[in-house]
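As structure tokens, the structure follows; a few thoughts come after it.
The values are calculated or read from the model by the stated rules, or taken from the named source; none is laboratory data. From a predicted model like this one, the values you see are computed outputs, not experimental measurements. When we count neighbours, we look across all protein chains shown, and the Cβ atoms used for this are built from the backbone with ideal geometry, even at glycine. Calculation scope for accessible area: heavy atoms of the full protein, side chains included, ligands and nucleic acids excluded. Shrake-Rupley method; radii C 1.70, N 1.55, O 1.52, S 1.80 Å.
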Amino acid sequence: MTILSYLKALNRAITDEMERDEAVCVFGEDVRVAVTNVTAGLVKRFGDGRVLDMPISEQAFTGIATGAAMAGRRPVIEYQIPALLFIAFEQIVNQAHKFSLMTGGQTRVPVTYLIPSSGSRDGWAGQHSDHPYSLFAHVGVKTVVPATPADAYGLLVTAIRDDDPVVVFAPAGAMGRRQDVDLAQLAPVPLGVGRIHRPGTDVTVVAVGHLVHAALEVAEELADTIDVEVFDPRSLHPFDWQGLAESLERTGRLVVIDDSNRSCGIGGEILATAAEQMRLVAPPKRVTRPDGAVLPFAEGLDRALQPTREQLRHAIQAVAKTGSAR
């Protein structure tokens with residue numbers, strides 16, 4: 001067994017796919033010097049022609065990647081800051097995402113958009129701390145949020161091999177995670193297949209990204225009184241609705257913890273779909289950032305706007321006490 005960090009898992013996934021497929025290339029700002037360490041060692045191994053530094057214009061190089069993908073390459077774009085996706089949103093959603101649909105599948109656009117350290121990074125302030133994965137799930141772009149190093153590797157590999165655009169959010173709260181793995185067993189993780197990290201019978205907690213680890217800690221704290229099942233969707237579009245339905249057949253109760261803004265967030269969509277289509281014996285709850293949250297520079301205020309273990313604990317306890325007997 002080898003200890004694999006989340007960051008190294010991302011680097012290893014890109015390295016392995018560049019080794020496997022000469023069409024895979026990397027675009028971004030400062031990717032040759034690996035300012036985020038995600039692209040460390042790639043220039044030395046694969047040369048300048050496949051690891052390309054881009055000018056400071058996200059709209060421009062995101063559009064370039066679309067053209068390169070249509071011409072037969074498989075670009076991986078690294079964005080250093082999650083808010084840069086807002087600048088590139090039109091290129092991703094209105095161009096790359098729609099080409100294959102508008103041509104009846106005659107055109108493929110295999111681009112991977114990687115956002116390392118998405119979300120809050122200890123006082124990076126309002127323009128650097130967003131977690132906009134719900135926006136991409138909303139418009140139908142394939143969207144993944146890995147929680148563990150093994151899933152970071154497997155989901156990024158799958159994204160690179162996919163013939164459609166895929167956005168990969170690597171949460172800042174997960175980047176420091178380490179995991180004992182058998183490197184030979186690392187493999188692609190299919191999109192749309194969730195993972196149960198902890199089975200339970202009383203309450204299902206759906207946790208997105210790094211919050212899986214918070215949910216597991218709270219579940220252990222409550223283990224003497226409430227048996228919590230922790231469900232990690234891994235990909236938000238496509239979403240594993242069947243897996244969630246099976247979990248709720250066991251528990252009948254649902255709490256979602258999601259590090260994005262409350263209104264129109266993925267947490268609300270999960271609750272709504274469960275209420276419409278699945279077995280619930282109690283009203284579900286969600287723990288999120290507040291409506292319209294913009295995280296401030298002050299670290300204490302930054303933390304105050306993010307979902308917490310205490311909020312999750314109270315939500316689980318409240319849901320466990322309500323509803324009809326099963």
Any hit, the range 287-295, residues being within 18 Å of Phe231 (Cβ to Cβ) and either of a type in the set (Val, Ile, Thr) or surrounded by 13 or more Cβ atoms within 10 Å (Cβ to Cβ) (or both): yes
Total residues in the range 186-225, condition assigned to a strand (DSSP E or B) and under 30 Å from Arg161 (Cα atoms): 6
Positions within the range 51-92 being crowded, with 18+ Cβ neighbours inside 10 Å, farther than 18 Å from Val35 by Cβ and of a type outside the set (A, V, I, L, M), in sequence order: Thr62, Thr66, Arg73, Arg74, Pro75, Phe89, Gln91
The range 105-128, subset part of a loop (DSSP other than H, G, I, E, B) and among the small types (Gly, Ala, Ser), residue surrounded by the most Cβ atoms within 10 Å (Cβ to Cβ): Gly119
Residues (among the hydroxyl-bearing types (Ser, Thr, Tyr), out of contact with any helix residue (DSSP H, G or I) (no Cβ under 7 Å at 6 or more places or on another chain) and in a loop (DSSP other than H, G, I, E, B)) located in the range 72-104: Thr103
Single match in Ile270, Ile257, Ile266 (criterion: at pLDDT 95 or above, closer than 21 Å to Val144 by Cβ, open to solvent by 10 Å² or more (accessible area, probe 1.4 Å) and among the aliphatic types (A, V, I, L, M)): Ile266
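If you go through the range 155-211, how many residues are among the small types (Gly, Ala, Ser) and more than 24 Å from Asp258 (Cβ to Cβ)?
The qualifying residues number 2.
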Sole exception among (1) surrounded by fewer than 19 Cβ atoms within 10 Å (Cβ to Cβ); (2) part of a strand (DSSP E or B); (3) not aromatic (Phe, Trp, Tyr) for Glu229, by number: (1)
Tabulated pairs, the range 180-191, first modelled with pLDDT of 90 or more and among the hydrophobic types (A, V, I, L, M, F, W, C), second part of a loop (DSSP other than H, G, I, E, B) and surrounded by 10 or more Cβ atoms within 10 Å (Cβ to Cβ), C-beta under 6 angstrom, 6+ apart or interchain: Leu191/Pro238
The listed residue being in a helix (DSSP H, G or I) and of a type in the set (Ser, Thr, Tyr), out of Thr36, Thr62: Thr62
